[in-house]
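Visitor: Got a structure for you, written out below as structure tokens; questions coming shortly.
The values are calculated or read from the model by the stated rules, or taken from the named source; none is laboratory data. What you see is a predicted model, and the numbers here were worked out from it, not measured in a lab. As a convention, Cβ positions derive from the backbone with ideal geometry for all residues, glycine included, and neighbour counts pool all protein chains shown. Accessible surface areas use protein heavy atoms only, side chains included; no ligands, DNA or RNA. Shrake-Rupley method; radii C 1.70, N 1.55, O 1.52, S 1.80 Å.
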Amino acid sequence: MVLLTELPPEILQHVLGYVDPPDLAWIPRICKDLYHTVKGNNSLFRVVYLNNFDNPPDKSGINWEQAVKDIVRLQVICNRDRIQDKKNELPFVYDTVQSLLQHAATDTERVRSTTYAASRNADLLSSIFKSETNQSAFLCRSLLYRLARGELHSPADFTLRPRPDHQKSAQLHCLYGVPVLYAAPDSHRTRRSKMSPYACAKVYDLRQYTVNTKWGPFMDDDTDRVDWEKVEAIMLVIGANLRKLGLTKFSVCRNSWETPFAGTWPQSYKPLPTVPAAREQSEPGVEAAAEQSEQSSSSQSQPRLQQQQQPSLQDQDPYGITGTWLRVVCFLDYTDFFTYNFTMPEAQPSPHMPRQPIDVGEATRLILMKIRVTRIEPPGPDDGQALPVCHFEGISRSLDDSYDENANSDLRGMRGSVRLTREGEVRWTTFSVFGGVERWRSESVQVGGVKSAKGVLGNWFDKDFDPRGPAGPTAFWKVSDKVTESGGYRALMADVLPLIHAEMEDGFEGPSEDDEDEEDEEDEADLEVEITGISWFTWPDD
């Protein structure tokens with residue numbers, strides 16, 4: 001009988017390539033021959049990595065041995081029972097999670113009824129951070145969570161510049177993508193431990209909107225760096241409102257807000273298939289116009305052939321802008337907003353102290369945006385130089401059964417730009433135009449990087465930076481590559497029909513009852529009055 005160590009080296013390496021990564025650390029301890037077979041064998045670690053994790057889009061510069069060892073160490077750390085035994089490992093956990101997401105797959109099949117690629121790296125991270133002790137140790141360490149847990153007592157705790165561990169924890173939470181709505185996930189959930197009042201205190205505090213921050217989720221300095229604690233607060237506010245209104249039980253919202261690591265890596269977006277029956281359901285006038293357009297296009301085929309030889313703006317766009325996006329906007333009643341920021345000057349906190357938590361109820365709007373690239377230009381001196389600046393235009397329509405002039409923009413009334421910041425994050429600027437005049441502006445960042453399926457989180461505000469507001473949180477994510485600028489309820493239904501169709505195929509489960517404290521149930525009936533976005537499921541044909 002041939003011993004394992006007597007096999008030819010290439011066969012032995014092939015066998016060892018199927019060993020689970022944690023077990024690979026024990027093999028060199030068996031005997032000297034296996035020690036020399038494994039030690040420094042980068043090609044063996046490459047095989048082990050590719051057999052267990054994603055095939056990275058860019059393999060250049062990867063130290064396969066270190067990558068496997070880091071993942072094994074991450075699993076060991078996160079398997080510890082007590083929070084205090086692992087929370088000091090935050091810098092290492094942050095770096096390893098970032099590496100796994102940067103090397104996540106982009107060429108795999110789309111996860112069913114979602115808009116992102118399947119990824120073994122994301123599945124691994126989802127299983128790790130399913131543990132509530134891991135959430136507490138690594139995702140809930142920002143200043144906002146410490147404040148909610150009552151861990152901050154001295155004014156000096158608030159006057160310091162943002163700490164790296166706070167920022168890293170907040171960014172990990174944003175990449176995780178599911179808002180942790182209680183201050184201590186591993187302990188009892190009560191109304192007092194809810195995070196949304198503390199997050200609202202941050203996103204509706206006008207002191208956060210300054211020239212240095214561009215009135216968006218950026219640091220209050222001249223570095224243009226993203227302030228991930230602000231992004232985290234935005235995610236918490238929007239996530240809490242979507243869950244309260246029951247919107248997360250529908251896949252169009254659930255996949256982005258209730259699924260861990262849902263497309264939070266670069267190039268993860270995968271378009272949903274179009275619905276073949278959409279044209280059959282078109283209005284007669286639309287169908288006749290389409291036939292006339294086909295006849296016209298055949299007569300103009302010659303010049304179009306020449307145009308097709310040049311790459312279109314959509315093909316040159318590295319950000320994947322052109323398409324249909326679903327947007328969420330949350331806001332306070334302006335009386336509540338003004339009272340919170342300006343009344344009773346003697347009760348106002350000092351500049352560096354946070355405002356008191358606020359829980360007065362918010363309104364939520366769902367808006368469908370259809371945008372397309374209109375111009376591409378080189379980056380400016382203050383932009384990241386790796387990618388160009390892309391400008392876009394389009395329209396927006398409220399997914400509401402009542403007209404909302406603040407949501408329904410003019411034709412070609414949605415405009416903006418996408419660019420890289422100096423640190424390489426994707427920055428979105430949008431303007432909403434009404435009656436030919438710009439009214440609202442937003443500044444946002446794309447979580448996960450270029451062309452991530454997770455989407456964009458940021459702040460909306462008056463386009464003239466009115467120091468009296470209003471302002472608040474917003475988010476939008478891509479739901480389709482379709483961008484036909486049609487109007488009417490039927491057209492909007494056709495745009496979101498693939499999402500509804502996928503929902504009916506897969507079925508869905510609503511949010512767990514365990515996620516909300518029993519004493520909150522009496523508030524849900526009042527919240528139903530404010531729901532404005534789900535009525536599009538029951539629009540009449542006319």
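Visitor: Quick one: which helices (runs of 4 or more DSSP H) sit completely within the stretch 54-142 and have at least 2 residues that are in contact (Cβ under 8 Å) with a residue 40 or more places away in the chain and under 30 Å from Phe250 (Cβ atoms)?
Guide: Details: elements: 64-78, 90-102, 120-128.
In the stretch 54-142, 90-102, 120-128 are the helices (runs of 4 or more DSSP H) which contain 2 or more residues that are in contact (Cβ under 8 Å) with a residue 40 or more places away in the chain and under 30 Å from Phe250 (Cβ atoms).
Visitor: Could you please find all residues in the stretch 368-382 being among the acidic types (Asp, Glu) and modelled with pLDDT under 95? Before you say what the answer is, go through the steps one by one.
Guide: Step one: of the stretch 368-382, the residues among the acidic types (Asp, Glu) are 377, 382.
Result: Asp382, single match.
Visitor: (1) open to solvent by 20 Å² or more (accessible area, probe 1.4 Å); (2) in contact with a Ser or Thr (Cβ under 7 Å, 6 or more places away or on another chain); (3) not in a helix (DSSP H, G or I): which one isn't true of Arg254, the others all being true?
Guide: (3)
Visitor: Let me ask another. Applying the selection to the stretch 62-71, what residues are surrounded by fewer than 18 Cβ atoms within 10 Å (Cβ to Cβ) and over 16 Å from Lys39 (Cα atoms)?
Guide: Ile62
Visitor: Just to be sure, is Thr339 crowded, with 19+ Cβ neighbours inside 10 Å, at pLDDT 85 or above and over 30 Å from Val97 (Cα atoms)?
Guide: So Thr339 does not fit the description; no.
Visitor: Out of Thr37, Thr96, I need the residue that is of a type in the set (S, T, N, Q), open to solvent by less than 50 Å² (accessible area, probe 1.4 Å) and at pLDDT 90 or above. Which one? Spell out how you get there, then give the answer.
Guide: Numbers: Thr37 fails: at pLDDT 90 or above.
Residue meeting the stated conditions: Thr96.
Visitor: Looking at the structure I just gave you, is Arg365 charged (D, E, K, R), surrounded by 18 or more Cβ atoms within 10 Å (Cβ to Cβ), part of a strand (DSSP E or B) and modelled with pLDDT of 90 or more?
Guide: Details: charged (D, E, K, R): yes; surrounded by 18 or more Cβ atoms within 10 Å (Cβ to Cβ): yes; part of a strand (DSSP E or B): yes; modelled with pLDDT of 90 or more: yes.
Judged against the criteria, Arg365 is a match.
Here is a yes/no grid of residues against (1) among the aromatic types (Phe, Trp, Tyr); (2) modelled with pLDDT of 90 or more; (3) surrounded by 14 or more Cβ atoms within 10 Å (Cβ to Cβ):
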site: Ile27; (1), (2), (3): no, no, yes
site: Lys32; (1), (2), (3): no, no, no
site: Asn51; (1), (2), (3): no, yes, no
site: Leu74; (1), (2), (3): no, yes, yes
site: Ile77; (1), (2), (3): no, yes, yes
site: Lys86; (1), (2), (3): no, yes, yes
site: Ser119; (1), (2), (3): no, yes, yes
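Visitor: Only one residue in Ser136, Ser126 is of a type in the set (Ser, Thr, Tyr) and either open to solvent by 50 Å² or more (accessible area, probe 1.4 Å) or modelled with pLDDT under 95 (or both). Which one? Before the answer, list the steps.
Guide: Details: Ser126 fails: either open to solvent by 50 Å² or more (accessible area, probe 1.4 Å) or modelled with pLDDT under 95 (or both).
On inspection, the qualifying residue turns out to be Ser136.
Visitor: Another one. Hey, any hits in the stretch 443-452 for a residue that's modelled with pLDDT under 80 and touching a Phe, Trp or Tyr at 6+ places or on another chain (Cβ under 6 Å)?
Guide: Let us first name the residues in the stretch 443-452 that are modelled with pLDDT under 80, namely none.
Checking the stretch 443-452: not a single residue is modelled with pLDDT under 80 and touching a Phe, Trp or Tyr at 6+ places or on another chain (Cβ under 6 Å).
Visitor: Taking Ala199, is it surrounded by 21 or more Cβ atoms within 10 Å (Cβ to Cβ), touching a strand residue (DSSP E or B) at 6+ places or on another chain (Cβ under 9 Å) and assigned to a helix (DSSP H, G or I)? Write out each step before concluding.
Guide: Numbers: surrounded by 21 or more Cβ atoms within 10 Å (Cβ to Cβ): yes; touching a strand residue (DSSP E or B) at 6+ places or on another chain (Cβ under 9 Å): yes; assigned to a helix (DSSP H, G or I): yes.
So Ala199 fits the description; yes.
Visitor: Right, next: Need the failing condition index for Leu387 against (1) crowded, with 16+ Cβ neighbours inside 10 Å; (2) in contact with an Asp or Glu (Cβ under 7 Å, 6 or more places away or on another chain), just the number.
Guide: Here Leu387 meets the rest and fails (2).
Visitor: Another question, then. Of everything in the stretch 78-99, what is in contact with a Ser or Thr (Cβ under 9 Å, 6 or more places away or on another chain) and hydrophobic (A, V, I, L, M, F, W, C)? Give them in sequence order. Talk me through it step by step, then tell me what you get.
Guide: Applying the first criterion (in contact with a Ser or Thr (Cβ under 9 Å, 6 or more places away or on another chain)) to the stretch 78-99 yields 78-83, 86-87, 90, 94.
Matches in the stretch 78-99: Cys78, Ile83, Leu90.
Visitor: Here are some conditions: (1) assigned to a loop (DSSP other than H, G, I, E, B); (2) in contact with a strand residue (DSSP E or B) (Cβ under 6 Å, 6 or more places away or on another chain); (3) not polar (S, T, N, Q). His352 meets all but one. Which one does it not meet?
Guide: Of everything listed in (1) assigned to a loop (DSSP other than H, G, I, E, B); (2) in contact with a strand residue (DSSP E or B) (Cβ under 6 Å, 6 or more places away or on another chain); (3) not polar (S, T, N, Q), His352 misses just condition (2).
Visitor: Please work out if Gly413 is at pLDDT below 90 and loosely packed, with under 14 Cβ neighbours inside 10 Å. Working first, answer last.
Guide: Details: at pLDDT below 90: yes; loosely packed, with under 14 Cβ neighbours inside 10 Å: no.
Spelling it out, it is not the case that Gly413 is at pLDDT below 90 and loosely packed, with under 14 Cβ neighbours inside 10 Å.
Visitor: Checking Ala262 against (1) over 19 Å from the mean Cα position of the chain (by Cα); (2) among the small types (Gly, Ala, Ser); (3) assigned to a loop (DSSP other than H, G, I, E, B), which test does it fail?
Guide: In the conditions (1) over 19 Å from the mean Cα position of the chain (by Cα); (2) among the small types (Gly, Ala, Ser); (3) assigned to a loop (DSSP other than H, G, I, E, B), Ala262 misses (1) alone.
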